[in-house]
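*Asks:* Dropping a structure here in structure tokens format, bear with me for questions.
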Amino acid sequence: MSLSNLPKLAGILTSGIDHPGHISLNIYLPYCNFNCRQCHNYKIARGVFEEVPYEQLLWELENNFVVDMAIITGGEPTLHGEKLLNLVKLIREKRKDLLVRIDSNGSKPEVIKLVSNYVNGFAIDIKAPPFEKEKYEFTIRTKFNIDAFLASVKIAAELPYTIFRTVKYPWLTEEDLEKIRDFVKAYGGGKPYYVNPFVEVVEESES
Ligand code: SF4
């Protein structure tokens, strides 16, 4: 497959903490359409990264047998559309034993749909109570489209390895968290929901 049909890679990491019970090969893709407060991958999300050559990914796929899952994360992987699908197919072709999960902010249901037949699940981030547009937009610092998000959640909820997650941002109240839990109960297809602790990000100055 030609490299021009694949997304640029911004990082590769073996991780034991990203999916309960699994050791994953995390593959980081650049760029994001949200601009969240306290983004842990803000450089990658803003397109500031050193490109990782595909040779490195191929080496990992051919040699790293500690992992049992590939997690495509970012940034927002769904921004890469067809190229994301090509990456999933490449992983599938090289390592039939790996589960494949894609992390997403749920803003691009058409891409979630496109890849959904080729992956085992998604990790959908829920940043605030989804029906509270103002609160959601306070966190993501851009427009929030609830219809697109609901469509993504609906597709993701059908896959066996899907999880939903929320960072316990300090500006979310207990009531907010309760509303998010209720949302997952109503729309999440019984899939696991995790509230992850907040760890402050201090951005490096650009000068
Ligand atoms: S959606 Fe994720 S990657 Fe994008 S800005 Fe928000 S926290 Fe960062």
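*Asks:* What is the P(r) of region 1-96, as percent of Cα-Cα pairs per 10 Å bin from 0?
*Replies:* With 10 Å bins starting at 0, P(r) equals 16, 49, 31, 4.
*Asks:* Hey, another quick one. List, largest first, the extents of the alpha carbons of region 112-185 along their principal axes, each in whole Å.
*Replies:* Reported extents, whole Å, longest axis first: 36, 22, 16.
*Asks:* Plugging the Kirkwood radius over Cα pairs into Stokes-Einstein for region 49-130, at a temperature of 4 °C and a viscosity of 1.567 mPa s, what D comes out in µm²/s?
*Replies:* Translational diffusion coefficient: 96 µm²/s.
*Asks:* So which lysines can LYS179 reach, going by Cα to Cα under 25 Å and dropping same-chain residues fewer than 8 places off?
*Replies:* LYS108, LYS127, LYS133, LYS135, LYS143, LYS154, LYS168, LYS191
*Asks:* Here is a follow-up. Check the straight Cα-Cα distances from LYS96 and name the aspartates and glutamates below 12 Å, setting aside those fewer than 8 residues away within the same chain.
*Replies:* The reachable aspartates and glutamates, counting only those whose Cα sits under 12 Å from LYS96, are GLU62, ASP68.
*Asks:* Related question: In the neighborhood of LEU99, defined by Cβ-to-Cβ distances under 13 Å, what is the net charge if each Lys or Arg adds +1 and each Asp or Glu adds -1?
*Replies:* Net charge around LEU99: +1.
*Asks:* Something else now. Given Cα pairs under 8 Å that are at least 6 residues apart, what percent is the relative contact order of the chain?
*Replies:* Once normalised by length, the contact order is 18 percent.
*Asks:* In whole angstrom, and with the biggest value first, how far do the Cα coordinates of region 3-196 range along each principal axis?
*Replies:* Over region 3-196, Cα extents along the principal axes are 47, 34, 29 Å.
A short reminder: the numbers here are calculations on the coordinates, not readings from a lab. Treat the numbers as computed from the prediction; the structure is a model and nothing was measured. Don't worry about glycine lacking a Cβ; one is built from the backbone with ideal geometry, like all the others, and counts go over all protein chains shown.
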